[in-house]
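Working notes, structure below.
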Amino acid sequence: MSLRFDDRVVIVTGAGNGLGRSHALEFARRGAKVIVNDLGGGVAGAGASTSVAQGVVDEIRRAGGDAVANTDSVEEGDKIVQTAMDAYGRIDVVVNNAGILRDSSFAKMTDEDWDLIYRVHLLGSFKVTRAAWPHMRAANYGRIVMTTSVAGIYGNFGQANYAAAKLGLHGLAQTLAIEGGSKNILCNTLAPTASSRLTATVLPPEVLEALKPEYVSPVAILLGHETCPVTGKLFEVGGGWVAQTRWEQTQGVFFKDDYCAEDLVNMWDQITSFENSRHAAKVTESKSGIEERLGRKLELAPQKT
Ligand code: NAI
């Protein structure tokens, strides 16, 4: 079965270069109408250029596809969504991909390093997605992809700002998966590794060659497709390797009565033993240990506003 996107409208942010460009070309090749968003700035977020997004639109059109350019920052997500509505009247898929780096050890990190990274990655993805959300809800259909990073999942020296924003994106995705489920809006997270201008200076040439962005895009395609089989999940992808990553919880230890820090020292091996570990996928599942202790279900009242 070929995964087609005929009559689907796809927003790809940061689609002027690297991964976003590769995703946009592939969505278009499969029949999607694509909003190619890119501010056209530098790796660290400075400057802007309208030609970057337009270049990818031209490439798509030359190949017989349908696309329009948008050059707003993701911080103005409503304008990007408006471009999609004006051009095509609907939005089916949002791939939040735009990104920059402002690496610095934590000791030297400035407020600006922190704010800029937060604004482009986490706030930008929020703004674009929130603007698309009412259209998706009204259509009872939506596919959203967040782009995180192994730096966010595991931490990375010099990337405290980036790691915090990137893991925040998965938190956002997991909650949108819950809130969007009843409206057929699915939201998943992709952690790519690919050669691009962001990685050109940190990876050797032979490794960059093995990590083409085109090796990541098939996962964005499946997660963006109507047959997407999952929601709220996290995938690590690079160089042709595709894997799912999830949380792992130890069985834990119950202290029957009051306990003190010294009791923790005594039981530490057991508290931290991953033998018979659990993989909670919901808040209620993660609390199952506490439920055993209480002898009843811990109901969390759904917040509907
Ligand atoms: P890239 O630099 O080639 O592409 C990112 C694009 O986002 C650029 O064209 C840039 O102009 C655009 N952009 C930046 N700020 C923007 C804004 N405010 N509004 C609109 N567009 C903006 O980088 P790459 O590697 O393709 O990165 C894509 C995404 O993947 C980023 O979110 C990045 O953090 C993430 N990522 C990439 C990894 C890699 O190995 N290349 C590893 C982990 C995550």
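The values are calculated or read from the model by the stated rules, or taken from the named source; none is laboratory data. Everything numeric here is computed off the predicted structure, so don't read it as measured data. For neighbour counting, all protein chains shown are included, and Cβ atoms are generated from backbone atoms with ideal geometry for every residue, glycine included. To get the accessible areas, we keep the full protein, side chains included, count just its heavy atoms, and leave off ligands, DNA and RNA. Shrake-Rupley method; radii C 1.70, N 1.55, O 1.52, S 1.80 Å.
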Members of the range 79-96 that are open to solvent by 20 Å² or more (accessible area, probe 1.4 Å) and either within 13 Å of the ligand (Cβ to nearest atom) or in contact with a His (Cβ under 8 Å, 6 or more places away or on another chain) (or both):
Lys79, Thr83, Met85, Arg90
Scan the range 234-243 and give yes if some residue there is open to solvent by 100 Å² or more (accessible area, probe 1.4 Å), in a strand (DSSP E or B) and not aliphatic (A, V, I, L, M), otherwise no.
yes
Which condition from (1) under 18 Å from the mean Cα position of the chain (by Cα); (2) open to solvent by 80 Å² or more (accessible area, probe 1.4 Å) is the one that Phe274 breaks?
(1)
Selected residue (only one of Val283, Val253 is among the aliphatic types (A, V, I, L, M) and either in contact with a strand residue (DSSP E or B) (Cβ under 6 Å, 6 or more places away or on another chain) or open to solvent by less than 70 Å² (accessible area, probe 1.4 Å) (or both))
Val253
Do we find that Arg119 is near the ligand (Cβ under 9 Å from one of its atoms) and of a type in the set (Lys, Arg) in this structure?
yes
Helices (runs of 4 or more DSSP H) fully within the range 135-230 counting 2 or more residues that are in contact with a helix residue (DSSP H, G or I) (Cβ under 9 Å, 6 or more places away or on another chain)
150-154, 160-180, 217-224
Could you tell me whether the range 150-169 includes any residue that is charged (D, E, K, R) and either more than 14 Å from the ligand (Cβ to nearest atom) or open to solvent by 30 Å² or more (accessible area, probe 1.4 Å) (or both)?
no
Somewhere in the range 98-111, is a residue in contact with a His (Cβ under 8 Å, 6 or more places away or on another chain), within 15 Å of Val128 (Cα to Cα), surrounded by fewer than 19 Cβ atoms within 10 Å (Cβ to Cβ) and modelled with pLDDT of 95 or more?
no
